[in-house]
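Here is the structure we will look at, set down as structure tokens.
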Amino acid sequence: MTTKDSAFVRACRGESVPHTPVWFMRQAGRSLPEYRKIREGVGMLESCRRPDLVTEITLQPVRRHGVDAAILFSDIVVPVAAAGVDLDIVAGTGPVVAEPVRTARDVARLRPITPDDVRFVDEAVQLLVRELGATPLIGFAGAPFTLASYLVEGRPSRTYVKTKALMHGDPALWHALCDRLADITLEFLRVQVAAGVSAVQLFDSWAGALSEADYRAHVLPHSAKVLRGLGDTVPKIHFGVGTGHLLTAMGEAGADVVGVDWRTPLDVAAGLVGGRAVQGNLDPTLLFAPPAVVAAEARRVLDEGAKAPGHVFNLGHGVLPETDPDALTRLVELVHAHGR
């Protein structure tokens with residue numbers, strides 16, 4: 001069997017599947033003791049730039065949980081660092097930018113990237129494709145709005161005051177920034193596709209902070225540039241948090257699958273995304289509940305997801321660091337058994 005025949009790729013394309021495929025956002029990460037061990041003394045950006053570490057970390061949850069797809073271990077800011085932005089990923093905080101981007105001169109400093117700038121990603125993907133065999137590998141990138149929010153704010157934000165002020169106060173500069181970021185993101189994903197990933201996911205993690213009107217005017221064109229720029233090479237997934245009010249607009253951006261967080265039932269989401277497959281959407285915190293509760297909630301998600309043309313089971317956001325890995329393994333087994 002090839003990856004094109006896998007349950008994951010077939011579900012993304014809305015085709016019949018032998019079982020509902022399942023993978024987890026942040027499955028390669030802090031919840032696994034083997035991950036914490038291999039990352040000891042190694043910074044996040046360095047980890048993302050070492051093909052040997054990327055390969056091992058990406059494979060760990062596939063070995064442990066038996067998920068239907070691997071997700072490339074990376075970080076949302078890797079391509080903008082490659083574009084010359086001076087930043088660091090600070091433990092407990094997230095990306096911190098030395099000189100936030102707020103002027104035309106700042107935008108001009110963001111140079112286009114080439115495949116040579118992210119050669120480590122090409123090498124890691126090729127290694128992983130060989131190791132994974134028939135198990136699909138999902139490529140990874142942050143969407144222009146979420147990248148812009150980090151660059152403008154200078155660090156993670158709860159209010160996005162500076163981001164929204166730039167968006168509304170100088171829309172020409174805002175669009176110039178997002179257009180540049182769309183080009184960088186598209187090139188980053190093209191490298192991954194050329195190296196052999198079977199699908200890609202575009203994370204617009206913080207788009208839920210916007211109204212639908214603002215999303216359509218200031219964000220949708222740039223996400224669409226990325227997703228449509230990839231053509232039909234591989235299935236494309238588009239995901240954001242708190243985006244129940246944006247699902248129709250996100251469905252118009254050009255993805256094959258729309259990721260849905262836990263706040264919106266999948267049968268409701270299926271009616272909003274224009275006939276596309278859906279991904280999600282168990283609340284990550286439910287994994288801390290008794291197994292019987294997790295099982296009941298997972299069956300509910302599966303039943304709701306069955307109303308869509310295709311359903312990829314996932315959490316409504318990433319795996320929390322304190323999650324018991326055994327809970328994830330049990331969840332995979334349940335999805336495979338129930339989701340037929």
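Results for (1) closer than 21 Å to ARG158 by Cα; (2) touching a residue at least 40 places away in the same chain (Cβ under 8 Å); (3) buried (at least 24 other Cβ atoms within 10 Å of the Cβ); (4) out of contact with any Leu (no Cβ under 9 Å at 6 or more places or on another chain), shown as yes or no for each residue.
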residue	(1), (2), (3), (4)
LEU186	no, yes, no, no
LEU189	no, yes, yes, no
SER198	no, yes, yes, no
ALA207	yes, yes, yes, no
HIS222	no, yes, yes, no
LYS225	no, yes, no, no
ARG228	no, no, no, yes
THR233	no, yes, no, yes
GLY242	yes, no, no, yes
Within the range 21-34, how many residues turn out to be surrounded by 19 or more Cβ atoms within 10 Å (Cβ to Cβ) and touching an Asp or Glu at 6+ places or on another chain (Cβ under 9 Å)? 4
Residue check for ASP324: acidic (Asp, Glu) and out of contact with any Leu (no Cβ under 8 Å at 6 or more places or on another chain): no
Take ARG63 and tell me if it is surrounded by fewer than 18 Cβ atoms within 10 Å (Cβ to Cβ) and closer than 18 Å to PRO136 by Cα. yes
Is it the case that the range 130-142 has a residue that's in a helix (DSSP H, G or I), among the acidic types (Asp, Glu) and within 19 Å of VAL62 (Cβ to Cβ)? yes
Looking only at the range 262-294, count how many residues are acidic (Asp, Glu) and loosely packed, with under 14 Cβ neighbours inside 10 Å. 0
Somewhere in the range 295-308, is a residue at pLDDT 95 or above, out of contact with any helix residue (DSSP H, G or I) (no Cβ under 7 Å at 6 or more places or on another chain) and crowded, with 19+ Cβ neighbours inside 10 Å? no
Residues that are closer than 30 Å to GLU34 by Cβ: find the helices (runs of 4 or more DSSP H) completely inside the range 237-340 holding 1 or more of those. 291-305, 325-338
Hits in the range 307-340 (condition: among the basic types (Lys, Arg) and within 16 Å of VAL67 (Cα to Cα)): ARG330, ARG340
Being in a loop (DSSP other than H, G, I, E, B) and small (Gly, Ala, Ser) is the filter; apply it to the range 9-34 and report the residue that is farthest from VAL234 (Cα to Cα). SER31
Pairs, please: C-beta under 6 Å, at least 6 apart or cross-chain, first residue polar (S, T, N, Q) and in the range 149-168, second part of a loop (DSSP other than H, G, I, E, B)? SER149/TYR160; SER149/TRP206
Residues in the range 169-193 that are part of a helix (DSSP H, G or I), more than 17 Å from VAL226 (Cα to Cα) and out of contact with any helix residue (DSSP H, G or I) (no Cβ under 8 Å at 6 or more places or on another chain) total 2
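Yes or no, residue by residue, for (1) touching a residue at least 24 places away in the same chain (Cβ under 8 Å); (2) not in a helix (DSSP H, G or I):
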{"residue": "VAL42", "(1), (2)": "no, yes"}
{"residue": "LEU53", "(1), (2)": "no, no"}
{"residue": "THR58", "(1), (2)": "yes, no"}
{"residue": "ASP68", "(1), (2)": "yes, yes"}
Output the residue which, of all residues in the range 123-147 that are of a type in the set (A, V, I, L, M, F, W, C) and farther than 25 Å from GLN279 by Cα, is farthest from the chain's Cα centre (by Cα). LEU127
Identify, please: which residue in the range 6-16 is surrounded by fewer than 22 Cβ atoms within 10 Å (Cβ to Cβ) and in contact (Cβ under 8 Å) with a residue 12 or more places away in the chain and is, among those, farthest from GLY259 (Cα to Cα)? SER6
Give me the residue from the range 194-208 that is assigned to a loop (DSSP other than H, G, I, E, B) and at pLDDT 95 or above and, out of that set, nearest to the chain's Cα centre (by Cα). ASP204
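The values are calculated or read from the model by the stated rules, or taken from the named source; none is laboratory data. Note that the structure is predicted; figures quoted are calculated from it, not measured. Cβ: placed from backbone, ideal geometry, glycine included. Neighbour counts: every protein chain shown.
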